[in-house]
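As structure tokens, the structure follows; a few thoughts come after it.
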Amino acid sequence: MPSPEGPTLIYDGECGMCRSAVARVRAWDRHRRLSYLPFQDPSVGRFGIALPALAAAMHLILPGDRVFAGADAVPELGKILPGKRWWTWGFAVPGVRAAARRIYRSIAERRHCLVRGLPDRAQGA
């Protein structure tokens, strides 16, 4: 289990797509370097990030209070997860980070989950 000072991935625990993505990350996290915390958990307040920001994107909190949100978290996760360092290299290519931010934002704005005020697809939306 990671230490409390270790990296923490904050995500939307009410969003099926988000839970699925976190399940993939957990599977890749063979050495259990990350802690996972849905932003709906009351203990998330200790990070001092506004709830609307947490609802808009996943957040990776690293030691030293370094925070990476949305697509910017991907290369940082690549440094932590075994076999995923290529994510870091990919983001070093000019234009990739900007494109990833646009894609992430577009998906995040359209995802169906309760916290965004849209009905969950599992509830017949």
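Every number here is computed from the coordinates shown, using simple stated rules; none is lab data. Just so it is clear, the structure is predicted and the values come from calculations on it, not from any experiment.
Give me D for the chain in µm² s⁻¹, whole number, from Stokes-Einstein with Rh from the Kirkwood sum over alpha-carbon pairs, 25 °C and 0.890 mPa s. Can you show the working numbers first?
Working: Rh = 15.1 Å.
Result for D is 162 µm²/s.
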For the chain, set up a GNM with springs between Cα atoms under 10 Å and report which of A55, A69, A21 has the largest fluctuation. A21
For the chain, with a Gaussian network of springs between Cα atoms less than 10 Å apart, report the residue from V74, V96, V25 with the top mean-square fluctuation. V96
